[in-house]
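The values are calculated or read from the model by the stated rules, or taken from the named source; none is laboratory data. Since the model is a prediction, treat every value here as computed from it, not as a measurement. Neighbour counts are summed over all protein chains in view; Cβ atoms, including those assigned to glycine, are modelled from backbone coordinates with ideal geometry. Heads up: the accessible areas ignore ligands, DNA and RNA and are worked out on the full protein's heavy atoms, side chains in. Shrake-Rupley method; radii C 1.70, N 1.55, O 1.52, S 1.80 Å.
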Amino acid sequence: MSGGFREAFGRDPDGVWAAPGRVNVIGEFTDYNDGFVLPIALPHVTRAAIARRDDGRLRVVSAQQAPGGGGPTVAEASLSELEPRTATGWAAYVFGVAWALREAGRPVGGADIHIDSNVPIGAGLSSSAALECSVALGFRDLFSLRITRERLALLAQHAENDFVGVPCGIMDQTASLRCRAGRALLLDTRSLATRQVPFDLAREGLVLLVLDTRVQHSLGTSAYAERRRACEEAARTLGVRALRDVEPGEMQAALARIAEPVIARRARHIITEDARVLEVVRLLDAGRPRDVGPVLSAGHASLRDDFEVSAPELDTAVEAACSAGALGARMVGGGFGGSAIALVDAGRAQAVETAVRAAFAERGFGSPRVFVAVPSGMARRLA
Ligand code: GLA
């Protein structure tokens, strides 16, 4: 790791930080409706090796983006000239974090930064939050900023919303900065209160498989913002601060007040999804992880039919997994591609993987990436 830094910048870094990607067990699109989410951190991390500079410049290199032969490409910016929406590509997330910290009055100085990541990109596993959080934690330590992980997550989200221009919620950054190994993180996205929920699937003879379709349909970015607007419109119509404020018992009456059927379906997904998060937490607390399966599958149906953010590859992965004996499965993340998860008896994992691969081959889809999601620890300093 610091080898890559030394090669790029001709000196050693002051430190190295790692931040994980995440997979969300349940609670999709609830995070911009003040609702609940339940992510776990993955063992896959983005590492940021950083050394201070005293000239107010940021110079960033990514091991993944280095063109062969000619040495790595350096993305450069001057701290005082950072302007929202001016940078593009992966470097925008790094510049955005520096910008957001400075906007918040935190004295971030110049730095050389080397990024290296094994979080699959575009797979719905939060490679962007991992990048933001590795850099944010590094800046916090290097520039001695007194700032909590809760606040750091908000600043990373601010960077993504307002510097990069992606209107994401707070789930991914919080997951990367606050998840614990062997636990799922219950986050109330209104209060930012968290609870570590036992998620020791191995002890129960279960595994959570990630089925990465390796496709990302281009609709994703515009549809994400469009869905968010639909939810806000539904909340306005219902006269609530956010859809979180509609109790499941009041749902039918509330939906009847929304004239536009599409908007009503979007709202129904959010209201039922919040209830599913709390149901999954109740089952995990009660030591009944197997019973989580059907709740995951219900979540997928809601994302597919009411929120309409699935994709043929995701539906195929979910159907093939369930037909091969998974206890439940659903798409995860922002939708229109990326990954699904399947809750599976450990002894069935190979059969489920084989069935998903066969279904993909039969439909002419590319080969999926399949791995076991091990609930891992939060972003940390490595060196
Ligand atoms: C993306 C966003 C998150 C969240 C999910 C959907 O990952 O970054 O904030 O909205 O989509 O649950």
Out of the residues in region 163-194 that are in a strand (DSSP E or B) and touching a residue at least 40 places away in the same chain (Cβ under 8 Å), state the one that is surrounded by the fewest Cβ atoms within 10 Å (Cβ to Cβ).
Asp188
Regarding region 69-92, can at least one residue be identified that is in contact (Cβ under 8 Å) with a residue 12 or more places away in the chain, within 22 Å of the chain's Cα centre (by Cα), within 30 Å of Asp274 (Cβ to Cβ) and within 16 Å of the ligand (Cβ to nearest atom)?
no
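Okay, residues lined up against (1) free of Cβ contacts under 8 Å to residues at least 24 places away in the same chain; (2) within 23 Å of Arg183 (Cβ to Cβ); (3) part of a helix (DSSP H, G or I):
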| residue | (1), (2), (3) |
| --- | --- |
| Arg290 | no, yes, yes |
| Leu296 | no, yes, yes |
| Glu308 | no, no, no |
| Gly335 | no, no, no |
| Ala355 | no, no, yes |
Taking Ala301 as meeting all but one of (1) touching a residue at least 24 places away in the same chain (Cβ under 8 Å); (2) touching a strand residue (DSSP E or B) at 6+ places or on another chain (Cβ under 9 Å), write down the number of the exception.
(1)
Filter region 130-162 for residues that are part of a helix (DSSP H, G or I), surrounded by fewer than 18 Cβ atoms within 10 Å (Cβ to Cβ) and away from the ligand (no atom under 16 Å from the Cβ) and give the result.
Asp141, Arg151
Among the residues of region 197-224, the number that are small (Gly, Ala, Ser) and more than 19 Å from Asn24 (Cβ to Cβ) is 4
Output the number of residues of region 317-333 satisfying the condition of being of a type in the set (A, V, I, L, M, F, W, C), open to solvent by 40 Å² or more (accessible area, probe 1.4 Å) and part of a helix (DSSP H, G or I).
1
